[in-house]
Amino acid sequence: MSAATTRSRTPDRLCAEAVDLARAAAEEAAAPGVVGEHAGLVSEGDRVVTHFFECKEMGYRGWRWAVTVARASRAKIVTLDEVVLLPGPDALLAPEWVPWSERLRPGDMGPGDLLPTDADDLRLEPGFSGEDEPPPNSPVSDDMAELVEAEDAEVAGGAPAKLPIAPRRGSIAAVAEELGLRRARVLSRYGLHTAADRWEEGFGAKTAMAQAAPASCVSCGFLVPIGGSLGQAFGVCANEFAPADGRVVSLTYGCGGHSEAAVMPKPPQPAPPRLDETRVDPFPLRPSPDSGSVPVGADAEAEADLGHS
């Protein structure tokens, strides 16, 4: 550790003793009665000391008046440098400022509000607006030239924007319009994935409603299919009594309003057995004569052999 560093950490004696000068400067800058007790000091450098005073002003809990004093080399007079109100370690501070684009949440927009989209938004990528001509080596334009007669295509001599009448068939603009790409920007792969994740989180298979549903939306008659690649995993609910009516739902989502949901009757349960202890059931010692187990007249022959009358 150098001698200069040691001197800078050790408060100058004359500057440290100038508490009254620092208090007078703080009271002059602040409102009357808001400067509290002396709350310590810190060395800012050679012959530079900052005194701290408690702030009693309402709304500034934990803040301190910081008064910096200094003196010149070999001088005996301490002079005032600056007075400022600074937050302390436990000061009440406002939250960190966040740009509006990061504070915006779904549902915040109201009628008449405009939401500008950044030029480099990751959710979008350039589309085909119809103003640019295809390159000379474009396979699309070559195919169009070769299939003029076979497909009865209409090949334009320039961009659609430069033609008096826009071609209806065979042009790049027509193909782009048919595929839904004739826009300045379209959804990028990142935009598709973020939308799918957001919809899956709101109305997906992991929600409590889907876990308790009798079946999934893929077999529901109220599901309206959507086009594009997202149609393989999502649709629109058209059941007015369902919690997701008018929402984009995952095909694995489900609710109690499924079109094929039915309350199945419970299987009949047999009555428990009952034991009647007040009734005596007769059990004959000999079988009945007409039961067929003993021939008729067998008892009489046995009695005659034994000599019974």
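Only the coordinates and a few stated rules stand behind these numbers; no lab work does. Nothing here was measured: the structure is a model prediction, and the numbers come from that model. In this analysis, Cβ positions are derived from the backbone assuming ideal geometry, glycine residues included, and neighbour counts consider all displayed protein chains.
Using a simple spin-label model with pseudo-atoms 7 Å out from Cα toward Cβ, D118 and S188 lie 1.0 nm apart. In the range 1-91, a dipole from Cβ-located charges (positive for Lys and Arg, negative for Asp and Glu) runs towards its positive end, and of W65, G45, L85 it is G45 whose Cα lies farthest in that direction.
Which of rounded, prolate or oblate describes the range 188-228 when judged by the alpha-carbon gyration tensor and an a/c cut-off of 1.5? It is oblate, given that a/c is not under 1.5 and a/b is not larger than b/c.
By definition, a body whose alpha carbon gyration tensor gives a ≥ b ≥ c is prolate when a/c is 1.5 or more and a/b is larger than b/c, and the range 8-110 fits this prolate description. Taking the Cα of R198, stepping 7 Å toward and past its beta carbon, and measuring to each backbone N in the range 96-123: which are under 12 Å? Label zone hits: 104-109, 123.
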